[in-house]
Amino acid sequence: MNTVHEAIKQVRELQQKILEKQRFKGYSGRARAISGTLALAAAAVMASRYWPQTNLAHLIGWSIVFTLSVLLNFGAILYWFLADPRAKRDLRRLRPLGDTLPPLCVGGILTFALITNGLYSWLFPLWMCLFGLANLASRHVLPRAISLIGWFYILAGSLLLLSGLTSFSNPWPMGIIFFAGEWMGGIVLHFDENSSLTTFFRGREKFHAETR
């Protein structure tokens, strides 16, 4: 019986190691949380009387949030790629980024089409749904909870779209949904990163102990 239990334990450890190797570690939980905070802060600013209540002004505001979020998140990925010894500066480690590009590219094309046709009220639901798809596209290389966050965005976007109550001049739905979603994603990635580091250092200690 002890031999069977030991074999089962070894199989589970092997499965965990395989999952760890497949897991993409480039995303930063802190960067996602900061991005969510930026969205909520931007909503507060654009809802104030000091911000021009025009579609163009709100579009500029959300463009600034998008640009800062991209710089934060991709800056974190670049730092991980260059500084983390486990990344080994191997370009193949960046392949999971390609999974998120299709929904983001489609989002850019549809955003341009909606703006061109003056359909600003559809932008928030569109962004939420496509960002949810981007999260789902990464579910195989990130913790399982990322799938729940993806469905959260899709559900929120669908409810806004079907309710017909969206207004581009009301930034609160966008700010609140993205604040909640990005903080949840940040927490998931933060705990995954910490658990991975713990596993990594325990593995090193075990290796050194066995080679003494």
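The values are calculated or read from the model by the stated rules, or taken from the named source; none is laboratory data. Bear in mind that the values here come from a model prediction, so they are computed numbers and not experimental data. Note that each Cβ is placed from the backbone with ideal geometry, even for glycine, and that neighbours are counted across all protein chains shown.
For segment 67-76, enumerate the residues that are within 22 Å of Phe24 (Cβ to Cβ) and not hydroxyl-bearing (Ser, Thr, Tyr).
If the condition is that a residue be within 22 Å of Phe24 (Cβ to Cβ) and not hydroxyl-bearing (Ser, Thr, Tyr), then Val70, Leu71, Leu72, Asn73, Phe74, Gly75, Ala76 are the ones that fit.
On the basis of being part of a helix (DSSP H, G or I) and in contact with a Lys or Arg (Cβ under 8 Å, 6 or more places away or on another chain), does Leu82 make the cut?
yes
Suppose the filter is small (Gly, Ala, Ser) and in a helix (DSSP H, G or I); does Gly118 pass it?
no
Step by step: first the residues of segment 135-144, then only those that are part of a loop (DSSP other than H, G, I, E, B) and not charged (D, E, K, R), then the one that is surrounded by the most Cβ atoms within 10 Å (Cβ to Cβ). Which residue is that?
Leu142
Mind telling me which of the residues Arg89, Arg49 ends up being out of contact with any Lys or Arg (no Cβ under 7 Å at 6 or more places or on another chain), part of a loop (DSSP other than H, G, I, E, B) and under 30 Å from His190 (Cα atoms)?
Being out of contact with any Lys or Arg (no Cβ under 7 Å at 6 or more places or on another chain), part of a loop (DSSP other than H, G, I, E, B) and under 30 Å from His190 (Cα atoms) holds for just one of Arg89, Arg49, which is Arg89.
Provide a single number: the residues in segment 75-108 that are among the hydroxyl-bearing types (Ser, Thr, Tyr) and over 15 Å from His140 (Cα atoms).
1
Can you name the number of the only condition in (1) in a loop (DSSP other than H, G, I, E, B); (2) touching a residue at least 12 places away in the same chain (Cβ under 8 Å) that Leu59 fails?
(1) is the only condition that Leu59 fails.
If you go through segment 42-65 one residue at a time, do you hit one that is under 17 Å from the mean Cα position of the chain (by Cα) and either surrounded by fewer than 16 Cβ atoms within 10 Å (Cβ to Cβ) or more than 21 Å from Ile176 (Cα to Cα) (or both)?
Within segment 42-65, none of the residues are under 17 Å from the mean Cα position of the chain (by Cα) and either surrounded by fewer than 16 Cβ atoms within 10 Å (Cβ to Cβ) or more than 21 Å from Ile176 (Cα to Cα) (or both).
For segment 111-129, check the following and say yes or no: at least one residue is closer than 25 Å to Phe191 by Cα, touching a Ser or Thr at 6+ places or on another chain (Cβ under 8 Å) and touching a residue at least 24 places away in the same chain (Cβ under 8 Å).
no
To keep it simple, each residue is scored yes or no on (1) surrounded by fewer than 12 Cβ atoms within 10 Å (Cβ to Cβ); (2) under 12 Å from the mean Cα position of the chain (by Cα).
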{"position": "Arg92", "(1), (2)": "yes, no"}
{"position": "Val106", "(1), (2)": "no, no"}
{"position": "Leu114", "(1), (2)": "no, no"}
{"position": "Leu119", "(1), (2)": "no, no"}
{"position": "Phe124", "(1), (2)": "no, no"}
{"position": "Leu133", "(1), (2)": "no, yes"}
{"position": "Phe152", "(1), (2)": "no, no"}
{"position": "Leu160", "(1), (2)": "no, no"}
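Conditions tested, residue by residue: (1) at pLDDT below 95; (2) out of contact with any helix residue (DSSP H, G or I) (no Cβ under 6 Å at 6 or more places or on another chain).
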site: Ile109; (1), (2): no, yes
site: Phe124; (1), (2): no, no
site: Ala134; (1), (2): yes, no
site: Leu142; (1), (2): yes, yes
site: Ser163; (1), (2): yes, yes
site: Ala180; (1), (2): no, yes
